[in-house]
Amino acid sequence: MSHNTFGRLFRVTTWGESHGPAIGCVVDGCPPRLPLTEADIQPWLDRRRPGQSRFTTQRQEPDEVRILSGTLDGLTTGTPIALEIQNVDQRSRDYGDIAQQFRPGHADLAYELKYGIRDHRGGGRSSARETAMRVAAGAIARIVLGNRVRVRGALVQMGAHPIDRSRWDWDTVNENPLFCPDPVTARAWEEELAAIRKAGSSVGAVIEVVADGVPPGLGAPIYGKLDADIAAALMGINAVKGVEIGDGFAAAALEGEGNADEMRMQDGTVQFGSNHAGGVLGGISTGQPVVARFAVKPTSSILVPRRAVDRAGREVEVVTRGRHDPCVGIRAVPVGEAMLACVLADHLLRHRAQVPDTPEVARLPRN
């Protein structure tokens with residue numbers, strides 16, 4: 001299996017399977033002399049960790065990260081940073097019934113058709129378990145970005161029910177188990193999700209990730225567009241089926257004057273009256289907040305019987321037992337944050353190499 005690496009200068013390679021002994025990643029390209037210990041990574045992993053509420057899988061994984069290389073006396077050395085997390089609560093027997101069956105909506109069949117073999121134990125590499133290492137890499141990316149750039153995410157829609165954006169409160173995101181910025185909607189979602197879980201089904205979600213403090217100039221106009229790399233990174237998250245930047249698909253319903261973000265000068269810098277573009281124009285960051293959303297499909301492993309086929313080509317009825325997220329989109333929030341941070345860190349390093357003297361705010365060059 002190839003293509004386990006993403007990024008150009010800030011490169012992340014992940015390895016391991018859901019029910020293997022461990023998962024891990026190698027982060028290459030991190031600049032030297034940056035402060036880094038396990039304590040800088042663990043809080044981000046704790047946000048994604050399973051088993052923290054009745055609305056996520058009850059698999060109990062502490063997700064304790066170890067730094068195996070790339071640091072000395074608490075500082076990065078500029079060499080590859082290897083990270084490892086032990087798997088301690090696998091229950092492979094839960095998947096015995098589907099070892100020869102393909103779950104509808106899951107990657108089972110596609111893996112089998114491509115490789116002629118698949119790891120049925122939790123899905124192997126197709127499991128959301130792999131995303132823990134993306135979150136760990138994202139913690140390092142945040143250090144590369146520095147304190148000026150802040151990356152945050154929130155669940156903005158569950159099933160057919162979006163939040164009320166007039167009640168958006170970032171402080172609320174970490175006060176409920178659903179990463180919801182709307183406290184009223186969060187309570188309604190909890191009731192709905194409890195009923196969905198009891199029925200043995202699942203539901204999809206939409207996650208919004210926002211990066212404030214991104215300097216202008218990140219990205220390249222043609223084949224290195226910042227928004228294209230963000231879209232690829234978010235689309236590469238397990239179970240993601242759609243990505244949009246800024247207003248995204250809603251922009252198609254606008255007219256030119258409604259979509260264009262008007263500009264003015266204030267204190268020598270360019271100020272925008274709106275942010276329909278999501279902080280990116282022509283593939284290059286403008287200095288506005290970078291805004292992206294991605295849609296996560298419902299979890300494929302459900303208790304509701306579904307028609308499928310097995311490896312022998314026989315038609316079967318599939319029921320997936322075990323421990324699964326009724327809404328995998330919940331724990332995708334910290335994963336989306338991490339992927340956005342990794343892309344921004346990669347583009348920041350690329351930008352510094354090509355245009356090292358670009359201002360950190362949208363200030364026009366003097367003639």
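Okay, here's what the table says:
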| item | result |
| --- | --- |
| Pairs where the first residue, in region 252-263, is more than 13 Å from LEU281 (Cα to Cα) and the second is surrounded by 11 or more Cβ atoms within 10 Å (Cβ to Cβ) and among the acidic types (Asp, Glu), C-beta under 8 Å, 6+ apart | LEU254/ASP247 |
| Test: residue in region 145-167 that is touching a residue at least 40 places away in the same chain (Cβ under 8 Å), part of a helix (DSSP H, G or I) and more than 30 Å from VAL309 (Cα to Cα) | yes |
| Some residue of region 295-311 being within 27 Å of the chain's Cα centre (by Cα), part of a strand (DSSP E or B), more than 30 Å from ALA195 (Cα to Cα) and of a type in the set (A, V, I, L, M) | no |
| Neighbours by Cβ (under 9 Å, 6+ apart or cross-chain): first from region 116-129, of a type in the set (Val, Ile, Thr); second outside any loop (DSSP other than H, G, I, E, B) and open to solvent by 50 Å² or more (accessible area, probe 1.4 Å) | ILE117/TYR111 |
| Verdict on ASP261 being in a loop (DSSP other than H, G, I, E, B) and either out of contact with any His (no Cβ under 9 Å at 6 or more places or on another chain) or surrounded by 22 or more Cβ atoms within 10 Å (Cβ to Cβ) (or both) | no |
| Selected residue [within 17 Å of GLU337 (Cβ to Cβ) and touching a helix residue (DSSP H, G or I) at 6+ places or on another chain (Cβ under 6 Å)] from ASN147, ASN176 | ASN176 |
| Contacts under 7 angstrom Cβ, first residue in region 270-292 being open to solvent by 10 Å² or more (accessible area, probe 1.4 Å), partner at pLDDT 95 or above and among the aromatic types (Phe, Trp, Tyr), 6 or more apart | GLN288/PHE272 |
| Residue that is farthest from VAL149 (Cα to Cα) [pool: residues in region 191-225 that are outside any strand (DSSP E or B), among the hydrophobic types (A, V, I, L, M, F, W, C) and open to solvent by 20 Å² or more (accessible area, probe 1.4 Å)] | ALA199 |
| Residue that is most open to solvent (accessible area, probe 1.4 Å) [pool: residues in region 293-307 that are of a type in the set (A, V, I, L, M, F, W, C) and modelled with pLDDT under 95] | LEU303 |
| Test set (1) open to solvent by less than 30 Å² (accessible area, probe 1.4 Å); (2) under 22 Å from LYS297 (Cα atoms) - PRO177 fails condition number | (1) |
| Tally, over region 85-120, of residues that are surrounded by fewer than 18 Cβ atoms within 10 Å (Cβ to Cβ) and at pLDDT 85 or above | 12 |
| Qualifying residues in region 308-334 (those that are of a type in the set (Asp, Glu) and in contact (Cβ under 8 Å) with a residue 60 or more places away in the chain) - the one surrounded by the most Cβ atoms within 10 Å (Cβ to Cβ) | ASP325 |
| In region 133-174, residue farthest from the chain's Cα centre (by Cα) [restricted to those that are surrounded by 12 or more Cβ atoms within 10 Å (Cβ to Cβ) and among the charged types (D, E, K, R)] | ARG167 |
| Residue match in region 284-292 (condition: touching a strand residue (DSSP E or B) at 6+ places or on another chain (Cβ under 8 Å), on the phi < 0 side of the Ramachandran plot and among the hydroxyl-bearing types (Ser, Thr, Tyr)) | yes |
| Residue check, ALA228 of a type in the set (A, V, I, L, M) and open to solvent by less than 60 Å² (accessible area, probe 1.4 Å) | yes |
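The values are calculated or read from the model by the stated rules, or taken from the named source; none is laboratory data. Just so you know, these numbers come straight off a predicted model, no measurement behind them. Note that we place each Cβ from the backbone using ideal geometry, even for glycine, and neighbour counts take in every protein chain shown. Note: accessible area is taken over every heavy atom of the protein model, side chains too, but ligands, DNA and RNA are not part of it. Shrake-Rupley method; radii C 1.70, N 1.55, O 1.52, S 1.80 Å.
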